[in-house]
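Notes to accompany the following structure.
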Amino acid sequence: MPDIVQCPYCPRKLQVPVEVLGQQVQCPSCGQNFTAGAAPPPLTPALREHVTATEPPIGARPETLPINVEDIPFVERVPEEQEPGDVEDWRKVRIGVSLVYYGLAALLLAFIVLVVGGGCAGAGGRDARLLGALVGMVGLLGLVANFALNLVGQVFCLWAPPEHSARSLAIIALVLAVAGPGLTVTGGFVTLIELVSRTSRAMQATGPMLPPDSPGVGPLLSNIGNVLSIFQMLAFLSFMRAAALCLRDGELALSVQPLLALAGVLAAIFIGILFLSATGGGVGKALDKLGIPLLGFIGIAALLSVIYVIWYGRVLAQMRSALGSHILRRAGER
């Protein structure tokens, strides 16, 4: 049996179903929203003027007139704003972010293993060299695992909602994640082929030869691939910010912004290094002309890179946590 209440903004009586009590409803007469069953709002001057304008004429005593329940309209429930994305789609996005997170862990492990392997190889001795080669293979497997986990994870991120351009940014990041390493590896193979061809022609002293200082096509492809990988990093960070906005997690979105700025600084540094290397003069000579010590420049770049990787891992962990909380809440509302 629905309750009969009076709109706090006009004299209209309304029927309120029991399941709507305590929720936001809308009066069909005056269009005002109010909480069904709640105490009326304070009578402000504007509200007093509105109520006075809608009061019945003097002499008409509606409270003494018989009430026909069928003539009393039902309240209209105010629809809640639909949150972007389906729960199942968000589960896929969380799997993708988790895989990217594990890929970052694999990359850090590979870096540590490669450093240890290099130290063992430089120690001298047959056993040390064998150990260094074994550790190097493990590090290489870690790099492959990083690439595979990162790629598959970004495929899962394609299920992000289109709001705030999250899905578009996920597509861009995935394309760059394929194109960047692909061009880098292709450039490496082309460089190797060019080196073999140049060596063979030098030994035979026949056929056209590239100038000694000519970088060839291989390094150019590798540099383009490296630049695309840098832009992929920026695209994925932008995707995480857009996903945080879709989750309505303003704090997480704000935490991504300074990380995105740091990634932009690192991108400018690495693109500058690639440009200086491609010009043929070398990074060291260019820095000498600018009065910047090479070791200091390398130290600053390395420090910023370490800060970025740690910060990036923290943001990925926060994103996984926010997605998990969002999925549990949405699933509980069903």
**Prompt:** Tally time: how many residues in the stretch 167-185 are farther than 14 Å from Q232 by Cα and within 17 Å of the chain's Cα centre (by Cα)?
**Reply:** 1
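Mind counting the residues in the stretch 14-31 that are in a strand (DSSP E or B) and buried (at least 16 other Cβ atoms within 10 Å of the Cβ)? Don't jump to the end; show me each part of the working.
We begin by selecting, within the stretch 14-31, every residue in a strand (DSSP E or B); these are 14-16, 24-26.
Among the residues that remain, those that are also buried (at least 16 other Cβ atoms within 10 Å of the Cβ) are: 14-16, 25-26.
Total meeting the criteria: 5.
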**Prompt:** Do we have any residue at all in the stretch 284-300 that's part of a helix (DSSP H, G or I), within 18 Å of F231 (Cβ to Cβ) and at pLDDT below 90?
**Reply:** no
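The values are calculated or read from the model by the stated rules, or taken from the named source; none is laboratory data. Computed from a predicted structure; not experimentally measured. Heads up, the Cβs are rebuilt from the backbone with ideal geometry, glycines too, and the neighbour counts pull from every protein chain shown.
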